[in-house]
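Encoded as structure tokens, the structure appears first; notes follow it.
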Amino acid sequence: MRPLNIAVLGATGSIGRQTLDVIDRNPARFKLFGLSEGVRSTNRKAEYLVHGHAGEPEFDAQVEAMVTDPRCDLVVVAIPGARALKPTMSALHAGKEVALATKEVLVMAGALVMKAAGERGIRPIDSEHSAIWQCLWGEERKNVRGLIITASGGPFWAHPELDLDQVTVEQALNHPKWSMGPKVTIDSATLMNKGLELIEAHHLFGIPLDAISVCIHPQSVIHSLVEFIDGSLKAQLGRPDMRLPIAVALAYPDRLPNAVPPTSPRELSGLEFHDLDESRFPSVQLARQAAARSGGHPAVLNAANEEAVNAFLGGDVPFSGIVRVVERALSAFPGGGGTLEEILEADRWARAYIRENSVV
Ligand code: MG
């Protein structure tokens, strides 16, 4: 069998670099077909090496050509934010397998994306969704009662004495378990990351929103769980190392030998689980409500959150103001949004609303 031709969108980010690592270490299985990156930083041979940014016509055209090229088998989507949406849809419409790290794609347009993916579905790279996906292999959907997404809790969950109006940017960026970019680290501190992941799971696996819950698990060893109608729980466990979910997504339905070092059960002791205090961290409930209203609401949630996180990082709103800003944008949103263009319009609306109304 010839190696799988893989295109990597966002090759210089953390997921992109680790994806290149998995490809490099398995040359008999995988071949780098092409990549996109903001600036030229990798010195590689591939059919497509695309440099620049989404929105630049030449860049967009080359990415489109790469992900729809008949020789391309699988597209790894790891560019952050709403910019990932269009190339994902192009790849799916061209019949490609898609391994998705960018949760915004499913948060904003989950129904459209899953429809375009059809029977083959989407291969998740987000660690929680990879865990759920693996737990669901060989299971029938009618036997699933619900999903439990685990959360490390971020830096503030274990400190109820901290006033969330007063915490600093530095404190919020100090994530206890995972080393990630500033946006997702702040989303972990507000728990909005789990709100976005709840919407993502709803679309990926077709499970109702109210059958998906979030559980605090500070050790980040269990990456998520599936609950079955007979009372069984299945979980996927391992070290917090993104190369594993990347390897699972690329090799599916096979498994790669030694994708990460083996884990001894002794390393997994002392696991704790706690309920999420939704009054202190209202973002999960806010996300569930936005997804239930559907249309452009999840896109507004996502865009308003992105703007609010930037405002917090810039010192313009307190930490606790992030979720308040999102809440205000959601209640002001006039509604609508079923097509891709309307969803992108909802995204623009939310950003403009926040700027023009001095919400931050
Ligand atoms: Mg995650």
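The values are calculated or read from the model by the stated rules, or taken from the named source; none is laboratory data. Owing to the predicted nature of the structure, the values given are computational and were not obtained by experimental measurement. Heads up, the Cβs are rebuilt from the backbone with ideal geometry, glycines too, and the neighbour counts pull from every protein chain shown. Note: accessible area is taken over every heavy atom of the protein model, side chains too, but ligands, DNA and RNA are not part of it. Shrake-Rupley method; radii C 1.70, N 1.55, O 1.52, S 1.80 Å.
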>> For the pairs Lys31/Lys96; Lys96/Lys142; Lys142/Lys234; Lys103/Lys183, flag any whose C-alpha to C-alpha distance is greater than 23 Å.
In response: Lys96/Lys142
> When the Cα centres of the stretch 94-140 and the stretch 146-170 are compared, how far apart do they sit, in Å?
Replying inline: 27 Å
> Where Lys and Arg each count +1 and Asp and Glu each count -1, what net charge lies around Asp210 among other residues with Cβ under 12 Å from its Cβ?
Replying inline: +2
> So between Arg145 and Ser331, what do we pick up on full extension, going 0.36 nm a residue minus the alpha carbon distance?
Replying inline: 63.8 nm
> Where a ≥ b ≥ c are the square roots of the eigenvalues of the C-alpha gyration tensor, would you call the stretch 222-309 rounded, which needs a/c under 1.5, or, failing that, prolate if a/b is larger than b/c, or oblate?
Replying inline: prolate
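Please report the carbon-and-sulfur percent of the accessible area for the stretch 18-120; probe 1.4 Å, protein heavy atoms only, DNA, RNA and ligands left out. Intermediate values should be presented prior to the final figure.
Numbers: 2370 of 4540 Å².
Here carbon and sulfur together make up 52 percent of the probe-accessible area.
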> For Asn43 and Glu267, what is the calculated FRET efficiency with R₀ set at 51 Å and r taken between the beta-carbons, to the nearest 0.05?
Replying inline: 0.90
> How many nm separate the modelled label positions at Asp254 and His159, each set 7 Å beyond the Cα in the direction of the Cβ?
Replying inline: 4.7 nm
>> If each residue of separation counts as 0.36 nm, what is the full-extension length gain between Asp21 and Glu56 once their alpha-carbon separation is subtracted?
In response: 9.8 nm
> If the label point is 7 Å along Cα→Cβ of Glu342, which residues in the stretch 305-336 have backbone nitrogen under 16 Å from it?
Replying inline: 333-336
>> Using a 1.4 angstrom probe on the protein heavy atoms only, could you order Lys183, Lys86 from most to least accessible area?
In response: Lys86, Lys183
>> Pairs of alpha-carbon atoms within less than 8 angstrom and 6+ residues apart define the contacts here; what relative contact order does the stretch 143-190 have, in percent?
In response: 43 percent
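For the chain, calculate the relative contact order in percent as a whole number, restricting contacts to Cα pairs under 8 Å that are 6 or more residues apart.
On the way: 643 pairs, mean separation 53.3, N = 360.
15 percent.
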